[in-house]
1. Scanning for something at pLDDT 85 or above, open to solvent by 10 Å² or more (accessible area, probe 1.4 Å), in a helix (DSSP H, G or I) and not acidic (D, E), does segment 46-65 turn up at least one residue?
2. Only residues that are surrounded by 15 or more Cβ atoms within 10 Å (Cβ to Cβ) and of a type in the set (D, E, K, R): list them for segment 331-358, please.
3. Counting just the residues of segment 169-215 that are part of a helix (DSSP H, G or I) and of a type in the set (D, E, K, R), which one comes out modelled with the lowest pLDDT?
4. Of the residues in segment 94-132, how many are more than 19 Å from A24 (Cβ to Cβ), modelled with pLDDT of 70 or more and part of a loop (DSSP other than H, G, I, E, B)?
5. Residues in segment 155-168 that are among the hydrophobic types (A, V, I, L, M, F, W, C) and either at pLDDT 90 or above or open to solvent by 50 Å² or more (accessible area, probe 1.4 Å) (or both): how many?
6. Please determine, by comparing only the residues of segment 216-230 that are loosely packed, with under 13 Cβ neighbours inside 10 Å and outside any helix (DSSP H, G or I), which one is modelled with the highest pLDDT.
7. Taking segment 294-330 on its own, how many of its residues are open to solvent by less than 10 Å² (accessible area, probe 1.4 Å), outside any loop (DSSP other than H, G, I, E, B), closer than 28 Å to M172 by Cβ and touching a residue at least 60 places away in the same chain (Cβ under 8 Å)?
8. Suppose we filter A273, A248 for residues that are surrounded by 15 or more Cβ atoms within 10 Å (Cβ to Cβ), under 22 Å from S336 (Cα atoms) and not charged (D, E, K, R); which single one remains?
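The values are calculated or read from the model by the stated rules, or taken from the named source; none is laboratory data. This one's a predicted model, so the numbers in the text were calculated from it and none came from an experiment. Note: ideal-geometry Cβ built from the backbone for every residue, glycine included; neighbour counts use all protein chains shown. Only protein heavy atoms, including side chains, enter the accessible area calculation; ligands, DNA and RNA are left aside. Shrake-Rupley method; radii C 1.70, N 1.55, O 1.52, S 1.80 Å.
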Amino acid sequence: MTTTVLTDELILCAAPPADRDIDAAGFAAIWLAADVYARGQRLLGRSARVLIAAGGGGDGDGVGAPATLRRAGVDIDGVLTLGGGTPGVLPLRRHRPRQIGDRPMPVRLTVFAGRDVVTARSLIDAVSEIDDLGPVTDTRIIAPPPLTDLSGGSFDPSTGRAIFLTDLLDRMPAEALRFYLALMSEPQDARELSMADLARTHNLFMVRDLGTSLAAISNLDPVAGTALAQDRPEDDLMLDFRNRLHVALDARSFSLAALAGVVLGVNGQMKQARLYGTPERIPRLAGLFQLFARPLMPTAADGIAAFLGLGQGWGEPWARVGGEIPSCSARLVRGSAPGFDAVDEAALVALESGMAAA
């Protein structure tokens, strides 16, 4: 069964291996990148749907979409079935039911297949054979830079020279891993994956810095920040972060590292507000943090938004078109600040040592 794709952009990923065989490098280069890209497009008001390639049909939960990817927060909309006959899509959520007289919308096709250009081209050819798909107006292949293994060479899961996603998710929150892998995905140069660095980055960035900033909001006067004095330098910096967000999410300049850098930068501004005695500025910065972090850490963003009492879609019009930076204060804070669990560095280093000995 083939389903009409009512979307501006169709994002296609190479078929993942078995759950146990998804390594961190492949995850960052293909499925994490595709998920962040799609979430980013939706944040900026564009319809974008992610498909995973598979060898054949299956249940409604999506063949070719292993549990590990779902556990890692990858949002899969459907499966491109390639086995037998004409390729089709099973199932694909749509914005609205197809109406009589509807014509398939033109779509842009963006493919994530790591550095495997042959696979990417074969996926493009398969999509071109879907009868119920609108005309493809633009085709792009995005290949984020690879991460290196423990010895500085290429990841090779077949020889055990890799860190596998299932092992990491047993030891740390998915969104902490997503952020770190994005931060390590430099636009041009491959970076080596370090378990000690991963643990320290999470414990410093999420647990100490972000957690302390959010806790500080709970101690503010409920009306604090409702009438902040104008701070042009901070406003200019937030506008710069917004512009950098657009560049990071553009197909021609897509960069997980650049997006993670924006998130890291806003976190740094919250820390400075604490240290320099202007905590009343933290609520708005926290609101902008959850906005910018949404493609990378959607669950954490939802938690922060709920804590701040922000309505659905807060800040998204500004993220899309600019204008006046939205306001946020401690006035609507609900409950206690979200907390983040520290990662056991020793457990991750032991995992790395085991892989090195493989």
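1. Keep residues of segment 46-65 that are at pLDDT 85 or above, which gives 46.
Remaining after also requiring open to solvent by 10 Å² or more (accessible area, probe 1.4 Å): 46.
Then drop every residue that is not in a helix (DSSP H, G or I), which leaves none.
No, the conditions are met nowhere in segment 46-65.
2. The answer is R331, E345, E352.
3. First, pick out the residues of segment 169-215 that are part of a helix (DSSP H, G or I): 169, 174-184, 195-215.
Those still in the list that are of a type in the set (D, E, K, R) too: 175, 178, 197, 200, 208-209.
Numbers: E175: 94, R178: 96, D197: 89, R200: 93, R208: 94, D209: 94.
Result: D197.
4. Going residue by residue through segment 94-132, those that are more than 19 Å from A24 (Cβ to Cβ) are 94-111, 117-132.
Imposing the further condition that a residue be modelled with pLDDT of 70 or more reduces the set to 106-111, 117-130.
Those left that are additionally part of a loop (DSSP other than H, G, I, E, B): 106, 129-130.
Number of matching residues: 3.
5. Residues of segment 155-168 among the hydrophobic types (A, V, I, L, M, F, W, C): 155, 162-165, 168.
Now restrict to residues that are either at pLDDT 90 or above or open to solvent by 50 Å² or more (accessible area, probe 1.4 Å) (or both): 165, 168.
Result for segment 155-168: 2.
6. From segment 216-230, those loosely packed, with under 13 Cβ neighbours inside 10 Å are 218-219, 221-223, 227, 229-230; that's our starting set.
Then keep just the ones that are outside any helix (DSSP H, G or I); that gives 219, 221-223, 227, 229-230.
Details: N219: 87, D221: 80, P222: 75, V223: 68, A227: 52, A229: 56, Q230: 61.
If we take residues in segment 216-230 being loosely packed, with under 13 Cβ neighbours inside 10 Å and outside any helix (DSSP H, G or I), then N219 is modelled with the highest pLDDT.
7. 3
8. Working: A248 fails: under 22 Å from S336 (Cα atoms).
Just a single option satisfies the conditions, and that option is A273.
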